[in-house]
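The values are calculated or read from the model by the stated rules, or taken from the named source; none is laboratory data. These figures come from a predicted structure and were not determined experimentally. Neighbour counts run over all protein chains shown; Cβ positions are idealised from the backbone, glycine included. Accessible surface is based on the protein model in full, side chains and every heavy atom, while ligands, DNA and RNA are left aside. Shrake-Rupley method; radii C 1.70, N 1.55, O 1.52, S 1.80 Å.
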Amino acid sequence: MKPLVVIGFLGSTLDGSKFGPSRWNKWRPSVGITMQEDLRVDRFVLLHGTPHGRLAEYVAEDIASVSPETTIDLRRMDFKNPWDFEEVYGKLLDFARAEPFDPEVEDYLIHITTGTHVAQICLFLLTEAHYLPGRLLQTQPSRGTVSPVGEWNTIDLDLSRYDSIATRFAVASAESQSFLKSGIETRNAGFNGIIDEIEHVALRSKAPVLLMGPTGAGKSQLARRIYELKRLKHQVGGAFVEVNCATLRGDSAMSALFGHRKGAFTGAAADRPGLLRSADKGMLFLDEIGELGLDEQAMILRAIEDKRFLPVGADKESAADFQLIAGTNRDLGEAVASGIFREDLYARLNLWTFTLPGLAERREDIEPNLDYELDRFAEREGQRVSFNKEARQRYLAFAISSDARWTGNFRDLAASVTRMATLSPRGRIDVDCVDSEVARLRKLWLHANAVDDGLASLLSDEALAALDPFDRVQLAETVRICRASRSLSEAGRSLFAASRARRTSANDADRLRKYLTRFGLDWSAVAKN
Amino acid sequence: MIIIDGAEGEGGGQVVRNALALSLVTGEPFRITNIRGKRAKPGLMRQHMTAIEAACSIGNAECSGLAVGSLEIEFRPGRVEPGDYHFSVGTAGSTGLVLQTILMPLIAAGKPSRIFLEGGTHNMMAPPFDFIERSFLPIIGRMGPRVEARLIRHGFYPRGGGKIEVVISPSRLAPIECTDRGQAISCSATALFAGLPFGIADREISTARKLLDWPDNAFAVRQLPEDLGPGNVLLLESAFEHVTEIVTGFGKLGVSAESLAKTASQRMSGYLGSTAFAGPYLADQLLLPFALAGGGSFTTVKPSQHARTAADVIAMFTGKRFEFEQLADGSHLVAPV
């Protein structure tokens with residue numbers, strides 16, 4: 001066992017007492033340290049000023065009597081002004097530099113309960129900076145009873161408890177630095193760059209913003225954060241209105257977006273202001289804007305440009321001033337080319353376009369988001385669930401591997417965490433729980449694959465399972481072109497366009513028919529769907 | 001190597017002290033785990049460290065794992081060296097407990113020793129000096145060795161600062177029979193106090209006077225020099241031809257003089273009302289010398305958990321078990337078998 005050395009100031013008030021037996025009924029921190037049955041002080045470096053020399057001797061005698069194990073080392077240290085930070089820090093630094101500390105041979109405790117608060121702060125700083133190579137020692141009187149012994153505890157500034165405090169500081173400062181990033185867990189440098197840029201734009205511009213990226217990449221979450229940021233900076237005062245355009249179909253789409261007058265159509269029993277109106281002075285987030293019908297697109301464009309629009313059945317225009325954020329997982333440029341998206345609206349939106357990568361391209365973000373989702377689960381369900389170490393490693397190993405496709409991006413991750421958290425026994429996710437979740441995800445993505453390429457409706461499960469991935473993409477693309485074409489011949493021309501250009505004659509239709517036959521398919525089966 | 005689970009039985013520091021004494025006498029190394037496992041603050045405390053260090057220095061022993069809070073130590077005894085020793089115990093420790101650790105090994109050491117012990121002489125949870133001097137050591141004297149203890153200065157908790165001298169003239173321990181107290185010789189009640197108001201000692205004495213049917217001149221108050229204080233004990237002493245019983249009440253903050261005196265008086269009355277030779281504290285102390293003597297017997301009131309745990313540890317080192325036999329009058333006959 002290494003000898004233990006305590007370094008501390010003589011407390012001119014706390015260590016002071018009457019010169020008589022009654023002093024043993026008083027808590028004196030410097031004496032109390034040496035009376036602890038579970039702390040053995042081998043050397044006590046007691047710092048004191050010249051005017052307190054007599055008290056120091058007296059305290060030293062008492063320490064010797066209660067603690068024969070302790071060697072007392074009285075050191076005089078005089079301050080012109082013990083409340084002067086510079087002087088106290090300087091003298092203590094000199095002391096620390098001159099002292100032949102050897103943490104290999106001795107353990108050190110720095111007592112911070114006595115001395116002026118300036119001295120305490122300086123001791124803390126010197127300990128934190130490792131000039132004093134020890135732990136902080138804190139003492140206090142016993143509660144409820146009169147005891148000269150009191151209580152003690154140590155604070156190791158190197159240990160994790162302090163780390164967690166430091167981490168909290170770091171989080172707080174990062175939050176003020178980048179409001180957007182907090183709440184969006186990322187370690188991905190590219191994504192970080194995008195967020196920085198969006199923050200810049202959001203704070204300087206009222207122009208529409210277009211967020212592109214796959215479903216579940218976090219577009220909606222990001223839009224909401226942009227709104228909160230702008231609200232914090234008092235740039236928007238109204239509400240945040242979020243609409244998924246894929247859910248707006250037919251007649252009701254117009255009315256939902258732009259509102260209607262009472263009696264405009266059957267069932268229009270009362271005036272409806274519409275979502276644009278609700279977003280007045282606020283922010284409108286149109287998710288999946290590529291799914292919006294052409295008529296609605298025209299109205300939206302006018303609403304952005306003139307801040308005016310005509311509710312269904314109204315003869316007077318309504319006004320709404322809102323910031324638009326649009327989200328899409330489609331390539332809008334392509335949609336414009338195929339005539340399903342208005343070029344003028346696209347041009348208006350395509351000023352600030354940001355492409356959010358899917359989770360599969362941000363694999364380093366899976367781990368922080370895993371913790372984030374566990375926190376969210378705890379908040380939502382009021383139950384804190386955690387992984388055991390092995391289970392966490394196993395889950396992460398799968399999650400960041402190329403086996404994990406994360407087709408639903410963060411939505412998949414959130415659902416996965418929710419499932420595991422719900423099924424975990426006693427709030428602990430174990431290896432079994434992870435294994436069955438991994439199996440569930442694999443199945444999900446296998447299925448998602450079939451839905452994506454549209455082959456599931458054409459071929460039986462057995463036929464699909466027998467298909468090589470190599471053939472599958474080829475067939476899927478062929479089917480897609482067929483469906484976009486009016487006839488077998490037209491499809492053939494598109495599919496074999498390059499070889500057609502090289503060779504003057506070829507029977508493209510026949511070639512396509514033969515290709516389809518290989519999979520037991522014909523034109524009518526493919527085109528019907 | 002003997003392995004002891006320190007959390008078994010009474011599970012306190014006494015297990016450590018007994019094991020040290022037995023190891024030094026028998027030459028058997030031991031390892032103890034779970035030291036003070038049942039206590040709020042488990043592991044070795046400062047006073048146990050002092051006892052172990054004292055055992056190491058008289059016995060040329062080696063001990064590994066020695067640290068405050070340590071839950072496990074391994075002790076390898078060497079040859080016990082009689083001579084002059086000086087040990088100091090910190091605030092919570094008692095000189096009596098260090099003596100308990102080193103006395104038997106030095107008695108068995110062949111040559112005389114002289115020991116100075118500094119620290120508490122009248123501490124709670126430990127036999128006070130008066131008990132060692134007048135209750136315990138005379139029995140040892142009857143077994144053969146001569147051990148004389150002298151109080152140089154009182155030491156009370158928390159101040160400590162007491163000092164005693166113990167001179168040991170070794171001899172073989174002979175088995176003796178201690179079943180008869182003999183005639184009552186004298187009795188006394190003394191309230192010692194230092195650095196505290198006289199009224200405290202006075203109230204202790206008047207309470208004891210009411211509860212004990214003792215002559216007036218048996219009661220006394222004794223003031224010690226102020227600078228030894230604060231400190232206060234009430235010593236009740238009942239001397240018989242073959243044994244002296246001492247019951248102690250320790251004054252401390254939060255315990256009234258009356259209640260302290262009442263508890264002590266009731267315990268003394270309990271002893272006087274029985275026919276047993278040894279009170280519970282003396283019985284604890286006698287197990288070790290009786291086991292080393294290899295025979296004899298004594299009667300006591302009721303064997304405590306302390307005593308049964310001590311008997312278990314003794315059996316591990318010596319192979320000698322104790323029999324606790326209840327007698328018709330309610331007392332127990334204790335004898336190594």
Compute the Kirkwood hydrodynamic radius of segment B:1-155, taking the inverse of the mean of 1/r over all pairs of distinct Cα atoms, and give it in Å to one decimal.
-> 15.7 Å
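Just by accessible area at a 1.4 angstrom probe, what is the order of A:Asp156, A:Asp15 from largest to smallest? Each step should come with its number before you reach the end.
Values: A:Asp156 50, A:Asp15 0 Å².
In descending accessible area the options line up as A:Asp156, A:Asp15.
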Projected label distance in nm at A:Glu61 and A:Asp432, using a 7 Å step from Cα toward the beta-carbon = 7.1 nm
Computed over chain B, the relative contact order (Cα-Cα under 8 Å, seq sep at least six) in percent reads 14 percent
For segment A:4-157, with every protein chain kept in place, what is the accessible area per residue (1.4 Å probe, Å²)?
-> 44 Å²
Could you give the nm distance between label points at B:Glu74 and B:Gln266, where each point is 7 Å from its Cα heading toward the beta carbon?
-> 4.9 nm
Calculate, for segment A:238-345, the solvent-accessible area per residue in square angstrom, rolling a 1.4 angstrom probe over the heavy atoms of the protein chains.
-> 46 Å²
Enter the accessible area of B:His306 (Å², nearest 10), with the probe set to 1.4 Å and all protein chains included.
-> 70 Å²
Rounded Å value of the spacing that divides the Cα centres of segment B:37-114 and segment A:472-500 | 95 Å
For the pairing of chain B with chain A, what total accessible surface becomes buried, with a 1.4 angstrom probe, in square angstrom to the nearest 100?
-> 1900 Å²
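May I ask you to derive the relative contact order of segment A:359-449, considering only C-alpha pairs under 8 Å and at least 6 residues apart, and to give it as an integer percent? Can you show the working numbers first?
Numbers: 91 pairs, mean separation 31.8, N = 91.
The value is 35 percent.
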Lysine pairs with alpha-carbon atoms under 24 Å apart, chain B, spacing 8 or more or separate chains = 9
Scale the Cα Rg of segment A:461-527 by the rule-of-thumb value 2.2 N^0.38 Å and send over the ratio, two decimals.
-> 1.13
Amide H of B:Ser88: which non-local residues (sequence gap of 5 or more, or other chain) have their own amide H closer than 5 Å, using H built in the peptide plane?
-> B:Glu118
All-pairs alpha carbon distance profile, segment B:99-237, 5 Å steps from 0, percent | 2, 9, 16, 18, 17, 15, 12, 8, 3, 1
Taking amide H positions as placed 1.01 Å from N in the peptide plane, with prolines and chain starts having none, which residues 5 or more places from A:Gly238, or on another chain, fall under 5 Å of its amide H?
-> A:Gly282
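Please state the equivalent ellipsoid semi-axes for segment A:258-346: what are the square roots of 5 times the Cα gyration tensor eigenvalues, largest first, in whole Å?
On the way: eigenvalues 123, 44, 26 Å².
They are 25, 15, 11 Å, listed largest first.
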Using a simple charge model, +1 on the beta-carbon of Lys and Arg, -1 on the beta-carbon of Asp and Glu, nothing else, what dipole does the protein assembly as shown show about its Cα centre, in debye to the nearest 20?
-> 1580 debye
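Pop the C-beta distance of A:Lys514 and A:Leu464 into the FRET formula with R0 = 25 Å and round what comes out to the nearest 0.05.
Plugging the Cβ-Cβ distance into 1/(1 + (r/R0)^6) gives 0.75.
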Once the Cα gyration tensor of segment A:310-453 is diagonalised, what are the square roots of 5 times its eigenvalues, in whole Å and ordered largest first, as equivalent ellipsoid semi-axes?
-> 40, 20, 14
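Only Cα pairs under 8 Å and at least 6 apart count here; give the relative contact order of segment A:280-338 as a rounded whole percent.
Working: 67 pairs, mean separation 29.0, N = 59.
About 49 percent, as a whole number.
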Express in whole angstrom the spacing between the alpha-carbon centres of segment B:257-325 and segment A:356-388.
-> 65 Å
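What do you get when you divide the Cα radius of gyration of segment A:168-355 by 2.2 N^0.38 Å, with N the number of residues? Don't skip to the answer; put the middle values down first.
Values: Rg = 17.4 Å, N = 188, 2.2 N^0.38 = 16.1 Å.
Scaled against compact globular proteins, the figure is 1.08.
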Packing-based order for B:269-280, B:31-42, using average beta carbon neighbours within 10 Å, highest first = B:269-280, B:31-42
Theoretical FRET efficiency, 1/(1+(r/R0)^6), r = Cβ-Cβ of B:Arg114 and B:Arg142, R0 25 Å, to 0.05 = 0.70
Rg followed by Dmax, in Å, when the protein assembly as shown is reduced to its Cα trace | 44.1, 141
Compare the peptides A:192-200, B:57-65, B:11-19 by average per-residue count of other Cβ atoms within 10 angstrom and give them in order, highest first.
-> B:11-19, B:57-65, A:192-200
Give, ordered by residue number, each residue of segment A:19-53 whose 1.4 Å probe accessible area is reduced by a minimum of 30 Å² on adding the remaining protein chains to the chain alone.
-> A:Pro21, A:Trp24, A:Asn25, A:Met35, A:Glu37, A:Asp38, A:Arg40
Check cross-link reach from A:Lys316 to the lysines: straight Cα distance under 21 Å, and skip same-chain residues fewer than eight apart.
-> A:Lys262, A:Lys281, A:Lys307
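Suppose every K and R has +1 on its Cβ and every D and E has -1 on its Cβ; what is the size of the dipole of segment A:180-321 about the Cα centre, in Debye to the nearest 20?
Numbers: 20 positive and 19 negative charges, 97 e Å.
That gives a dipole near 460 debye.
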Rounded, prolate or oblate: which fits segment B:172-283, taking a ≥ b ≥ c as square roots of the Cα gyration tensor eigenvalues, rounded meaning a/c under 1.5, else prolate when a/b beats b/c?
-> prolate
Two-site FRET efficiency, A:Asp403 against A:Val146, from Cβ-Cβ distance with R₀ of 60 Å, rounded to 0.05 | 0.35
Find which of A:Ser494, A:Val473, A:Gly520 sits farthest along the positive direction of the dipole of segment A:461-527, computed with +1 on the beta-carbon of Lys and Arg, -1 on that of Asp and Glu, about the Cα centre.
-> A:Ser494
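Report, to one decimal in Å, the Kirkwood hydrodynamic radius for chain B based on all distinct Cα pairs. Before the final figure, lay out each step's value.
Working: mean 1/r = 0.0492 Å⁻¹.
So the Kirkwood estimate lands at 20.3 Å.
If a/c stays under 1.5 just call it rounded; otherwise compare a/b with b/c (prolate if a/b is bigger, oblate if not). Do that for segment A:1-69, with a ≥ b ≥ c from the square roots of the Cα gyration tensor eigenvalues. Write down the numbers at each step before the final one.
Values: a/c = 2.09, a/b = 1.36, b/c = 1.54.
Oblate is the answer for segment A:1-69, as a/c is 1.5 or above yet b/c matches or exceeds a/b.
Starting from the Cα coordinates of segment A:4-157, work out the convex hull volume and express it per residue in Å³. Please list the in-between numbers first.
Values: hull volume 16.7 nm³, N = 154.
Spelled out: Cα convex hull of segment A:4-157, divided by residues, is 109 Å³.
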